[in-house]
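Down below is the structure, laid out as structure tokens.
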Amino acid sequence: MACFGVLLFLLTFSLLAPWITLDKSKDANNQVLSLSLEKPGFSTQVLLRAKNTNSNQRITHWPYDPPNSKNTEWIPIDSLSFKEGFEVQAWYGGVNRTLDMADILYKMSPGMVKEYMGETIVYKDQKGVGFEVEKNTGQNLIYDHHIIQARYILGTDKYGRDNLSRLARGLRISIFIGFMAVMVSILIGVLVGATGGYYGGRIDNSILLLINTSWSIPTLLLAFAIIIAFGKGMMVIVLAVGLTMWVDVARLIRGQVMQIKNEHYIKAAKILGYKSQRIIVRHILPNIMGPLLVIASANFATAVLVEAGLSYLGLGIQPPSPSLGNMLQENYAYATGGFIYLAIFPIIMIMSLVLCFNLLGTSLRDAFDVKRTKA
């Protein structure tokens with residue numbers, strides 16, 4: 001139950017990551033190079049500057065929206081001052097950076113222009129439609145909406161990205177790939193194993209030959225071959241990981257079906273004229289759900305390890321999308337150079353997932369063990 005609680009917490013945290021973590025940009029890839037390799041717990045003020053857009057944008061009214069990390073450039077600041085005209089002086093670490101108030105407040109698109117008329121900024125689109133912002137109003141907007149306190153709970157990586165945000169996104173990807181890979185392995189394993197175990201004879205011998213042949217291929221070697229043949233997409237990785245685990249499911253299901261098909265209620269179903277497909281789906285499979293859940297839990301842990309290994313070797317999830325494996329691959333050189341926290345957090349996450357799934361599988365095995373339950 002403790003492991004189930006941990007897994008539920010990690011799943012909830014990964015799903016809510018885009019809303020509860022500091023970096024809400026796509027793939028948590030908001031790079032602030034001046035904040036690279038900061039220690040866990042680091043905190044600083046950040047000025048949010050609106051990013052320009054490539055799409056043509058028409059202005060119909062004052063379209064001000066409070067900025068967020070999705071559409072802004074992050075500029076660390078120690079202090080901020082407003083000079084004559086519309087210059088904004090941002091100081092950080094003794095370095096001064098001069099910014100334009102108009103660029104901070106509103107994103108520009110092709111064809112848009114900005115003009116300065118006295119103490120007013122005028123934005124216009126291609127049709128001449130626009131709006132005005134007074135200097136004092138702009139200063140108040142910057143103080144109220146464009147300055148935030150950024151706290152990096154797990155520090156930053158070499159690109160100045162928030163480690164906690166990327167860890168949450170990577171955890172979500174690893175769980176998703178693990179779940180889908182387990183579904184693929186169960187679908188293939190149940191189909192192949194149940195067919196061979198129920199029909200027997202030449203069909204079973206052919207399937208057993210296929211199982212033994214697949215069993216002889218090393219796991220990572222098979223995954224490498226599939227990824228090299230079909231590319232490095234998300235679904236290819238799911239397929240590659242799933243095809244490395246179906247053999248275990250097929251062997252288990254085959255043995256269970258061979259045992260159950262000789263029970264009296266199965267023979268009775270045959271005498272009543274039920275089709276083989278109905279007997280397998282409605283009478284045999286429901287009675288082997290216990291062992292199936294156990295191996296599914298164990299395969300989930302295996303899938304997490306295989307995906308992390310593939311990503312670490314550069315054949316899994318590709319940057320800038322984060323995964324637990326490529327986070328290790330990106331930061332291992334820095335981890336051995338005094339920034340050990342860059343490797344510790346992904347390793348702890350992988351260990352937690354694998355340990356909890358293995359312990360959960362052991363508990364499920366004990367729960368579905370009829371002899372142990374009777375004892």
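I'd like the full set of residues that are closer than 27 Å to Arg282 by Cα and aliphatic (A, V, I, L, M), limited to region 194-226.
Within region 194-226, the first condition is being closer than 27 Å to Arg282 by Cα, and the residues that meet it are 194-208, 210-211.
If the condition is that a residue be closer than 27 Å to Arg282 by Cα and aliphatic (A, V, I, L, M), then Ala194, Ile203, Ile207, Leu208, Leu210, Ile211 are the ones that fit.
Checking each residue in region 224-248 for being among the small types (Gly, Ala, Ser) and either open to solvent by 80 Å² or more (accessible area, probe 1.4 Å) or closer than 23 Å to Leu292 by Cα (or both) picks out Ala240, Gly242.
Report yes if Arg278 is assigned to a helix (DSSP H, G or I), at pLDDT 90 or above, of a type in the set (D, E, K, R) and surrounded by fewer than 18 Cβ atoms within 10 Å (Cβ to Cβ), otherwise no. Walk me through it before giving the result.
On the way: assigned to a helix (DSSP H, G or I): yes; at pLDDT 90 or above: yes; of a type in the set (D, E, K, R): yes; surrounded by fewer than 18 Cβ atoms within 10 Å (Cβ to Cβ): yes.
It is true that Arg278 is assigned to a helix (DSSP H, G or I), at pLDDT 90 or above, of a type in the set (D, E, K, R) and surrounded by fewer than 18 Cβ atoms within 10 Å (Cβ to Cβ).
With the checklist (1) open to solvent by 90 Å² or more (accessible area, probe 1.4 Å); (2) more than 31 Å from the chain's Cα centre (by Cα) in hand, flag the one item Ile266 doesn't pass. Going through the list (1) open to solvent by 90 Å² or more (accessible area, probe 1.4 Å); (2) more than 31 Å from the chain's Cα centre (by Cα), Ile266 breaks only (1).
Kindly indicate the residue of region 209-220 that is exposed (fewer than 15 other Cβ atoms within 10 Å of the Cβ) and in contact with a helix residue (DSSP H, G or I) (Cβ under 8 Å, 6 or more places away or on another chain) and also modelled with the highest pLDDT among those meeting that condition.
Leu210
Give the residue, chosen from Arg161, Arg151, that is surrounded by 23 or more Cβ atoms within 10 Å (Cβ to Cβ) and either in contact (Cβ under 8 Å) with a residue 40 or more places away in the chain or closer than 30 Å to Gly337 by Cα (or both). Result of the check over Arg161, Arg151: Arg161. Among the residues of region 7-37, those that are farther than 30 Å from Pro76 by Cβ and crowded, with 17+ Cβ neighbours inside 10 Å comprise Leu7, Leu10.
Exactly one residue out of Thr362, Thr336 is in contact with a Ser or Thr (Cβ under 9 Å, 6 or more places away or on another chain) and surrounded by fewer than 16 Cβ atoms within 10 Å (Cβ to Cβ): that is Thr362.
So, in region 30-79, of the ones that are touching a Lys or Arg at 6+ places or on another chain (Cβ under 9 Å), modelled with pLDDT under 90 and of a type in the set (A, V, I, L, M, F, W, C), which residue ends up farthest from Leu154 (Cα to Cα)? By that ranking, first place goes to Ile59.
The values are calculated or read from the model by the stated rules, or taken from the named source; none is laboratory data. Computed from a predicted model, the values in this text were never measured in an experiment. As a convention, Cβ positions derive from the backbone with ideal geometry for all residues, glycine included, and neighbour counts pool all protein chains shown. Surface areas here come from the heavy atoms of the whole protein model, side chains and all, with no ligands, DNA or RNA. Shrake-Rupley method; radii C 1.70, N 1.55, O 1.52, S 1.80 Å.
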